[in-house]
Amino acid sequence: MPQKISDRQHQILELLLQNGSGLCIDELAKALDISRTAIQQHFVLLESEGYIKKSACFKTAGRPLNIYVITDKGIGCFPKQYAWFSELMLDDLREEIGTERFTAYMQRMGIKLANSLRTRFTGKALNGRVNELLTIMSDLGFHVQLEIDPETGVNSIEARNCIYHELAQKHSEICAFDVAFMSSLLEKEIAHTSCMAKGACHCQFKIGDKK
């Protein structure tokens, strides 16, 4: 599992982002007013995790001079704002094809994503498939847990956040993506009984007995 980047390591990435041709350890140490040793210690994680890489090595009268640059993965650590663009596309798509076909489109997208992950579920019983699904949803950014109704014994997946909450508030059809995705991987019917986009404090997906 990737390690959390510290504030100091984020400063290093920011300097490398601002200097596209790269910087050496001495330049970074001077810019941040810390020692070369401290920079090298931070580099251990940043390089091992793929956030930075060595781009050049120059021979000098003293020690070799290594130049480091930020990688695409490192650039990915900085904030992005996709919501407005996604909303623009979804607005146009729903207007173009209509609400019913838009919902069906979201369902197909959910199944398509599930199919790309199918091998991770091969040969697993329901409990194993549920645990694998929880892992995948956590990796996607959901805060999820499995809940069991004490009266009925029915399992539910409970999400305390929605990774596209603002979009789902305006386009409730997006929820069909989640339901189709879960149903396809678990091979069970999924009932979306509670929805944050409709004002609930969490999203709840009850796992049925049949597909």
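A short reminder: the numbers here are calculations on the coordinates, not readings from a lab. Only a predicted model underlies this, so the values are computations on that prediction, with no experimental measurement involved. So basically every Cβ, Gly included, is an ideal-geometry build from the backbone, and we count neighbours across all protein chains shown.
Taking the criterion of being in contact (Cβ under 8 Å) with a residue 12 or more places away in the chain and not in a helix (DSSP H, G or I), the only residue of the range 85-120 that qualifies is L117.
Within the range 23-58, being closer than 12 Å to G74 by Cβ and of a type in the set (G, A, S) holds for one residue alone: G50.
Residues checked against (1) of a type in the set (A, V, I, L, M, F, W, C); (2) more than 24 Å from H202 (Cα to Cα):
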position: E100; (1), (2): no, yes
position: Y105; (1), (2): no, yes
position: I111; (1), (2): yes, no
position: K124; (1), (2): no, yes
position: V130; (1), (2): yes, no
position: L133; (1), (2): yes, no
position: S138; (1), (2): no, no
position: L146; (1), (2): yes, no
position: T152; (1), (2): no, no
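Of the set (1) among the β-branched types (V, I, T); (2) surrounded by 13 or more Cβ atoms within 10 Å (Cβ to Cβ); (3) over 17 Å from the mean Cα position of the chain (by Cα), all apply to V144 but (3). Take the residues of the range 37-82 that are under 20 Å from the mean Cα position of the chain (by Cα) and of a type in the set (D, E, K, R): which is surrounded by the most Cβ atoms within 10 Å (Cβ to Cβ)? Filtering first and then ranking leaves E49.
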